[in-house]
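Worksheet: the structure to be examined is printed underneath.
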Amino acid sequence: MDARFLAISELTETPSVAVVVDVMRAYTVAAWVFAQGAEKIVLAESLDDALALKARHPDWVALKDGPPAPGFDLVNSPGVLRSADLAGRTVVQKTTAGTVGALAVKDASLVLCAGFVVAEATARLLRTHGSDTVTFVVTGEDGRADEDLACAQYIARRATGTGTDAADFLRRAAGSRAAAELTRGMREGAHPDDVALCLEVDRFPFAMVASPEDSLMVLRPHVLP
């Protein structure tokens, strides 16, 4: 498998298969959303779009980066999500980088969204799909976020062989700028446990597949047999 690691700004053409990585925190949060029972996640283009979707569907749950805000039900924090009851719900998610990355590759034949918590399931799906080339979209810091790059490289290794040790990749992620800012309380809407939760490997047994549905980009969990 030929793995390419690109920032969102470096996407000059639509890849065939894309893995969009946002460890801290969009796709760790998305995995927790599904673990708490949600049916699907709608990836919103903007905060205004998220609020418009919420207005049209009052039973949907709106989630955003940063501090709580009028019209939004939850913040982008896995520590907060652990206590949310989302059974059967639809969640609308808008984040600074993660959702932007997925929407940037929405025309790819296969779009996976990932963090460490779904690494092996994502790698297994890539192995099953058998793609020759996979583009990993490193969403944070214009492709320089080491937690995202480390996770992308780890998944790429796992997709081509199962013997890769996660320790070095996790060490890089733990030493990243995002981890430091979350630990120091520099990002609003954070929980003290967020970094630890983002660095749990294979917490969940599903991959997350995004695809167009009724003009929306919708993320759903996918469990391989």
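See the values below:
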read-out	value
Residue match in segment 27-37 (condition: within 18 Å of the chain's Cα centre (by Cα), over 16 Å from ALA207 (Cβ atoms) and buried (at least 21 other Cβ atoms within 10 Å of the Cβ))	no
Qualifying residue in segment 195-202 (condition: of a type in the set (Val, Ile, Thr) and free of Cβ contacts under 8 Å to residues at least 40 places away in the same chain)	no
First in segment 109-123 and closer than 18 Å to PHE169 by Cβ and touching a residue at least 24 places away in the same chain (Cβ under 8 Å), second anywhere and in a strand (DSSP E or B) and not hydrophobic (A, V, I, L, M, F, W, C), Cβ under 8 Å, 6 or more apart	ALA121/HIS222
Set THR14, THR28: member being in a loop (DSSP other than H, G, I, E, B), among the hydroxyl-bearing types (Ser, Thr, Tyr) and touching a residue at least 60 places away in the same chain (Cβ under 8 Å)	THR14
Output for segment 7-19, where each listed residue is surrounded by 19 or more Cβ atoms within 10 Å (Cβ to Cβ) and touching a helix residue (DSSP H, G or I) at 6+ places or on another chain (Cβ under 9 Å)	ALA7, ILE8, VAL17, ALA18, VAL19
Test: residue in segment 63-80 that is within 22 Å of GLU181 (Cβ to Cβ), among the basic types (Lys, Arg) and modelled with pLDDT of 95 or more	yes
Residue identified as out of contact with any Ser or Thr (no Cβ under 9 Å at 6 or more places or on another chain) and among the charged types (D, E, K, R) among ASP142, ASP107, ASP132, ASP85	ASP85
From PHE72, PHE136, PHE116, residue being more than 18 Å from THR28 (Cα to Cα) and aromatic (Phe, Trp, Tyr)	PHE72
Hits in segment 70-85 (condition: free of Cβ contacts under 8 Å to residues at least 40 places away in the same chain and over 10 Å from GLY189 (Cα atoms))	PRO70, GLY71, PHE72, ASP73, SER83
Qualifying positions in segment 170-186 - surrounded by fewer than 17 Cβ atoms within 10 Å (Cβ to Cβ) and in a loop (DSSP other than H, G, I, E, B)	GLY175, ARG184, GLY185, MET186
Selection count where residues are in contact with a helix residue (DSSP H, G or I) (Cβ under 6 Å, 6 or more places away or on another chain), free of Cβ contacts under 8 Å to residues at least 60 places away in the same chain and assigned to a helix (DSSP H, G or I), scope segment 152-168	2
Positions within segment 126-145 being in contact with a Lys or Arg (Cβ under 9 Å, 6 or more places away or on another chain) and of a type in the set (Gly, Ala, Ser), in sequence order	GLY140, ALA145
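The values are calculated or read from the model by the stated rules, or taken from the named source; none is laboratory data. Computed from a predicted model, the values in this text were never measured in an experiment. Heads up, the Cβs are rebuilt from the backbone with ideal geometry, glycines too, and the neighbour counts pull from every protein chain shown.
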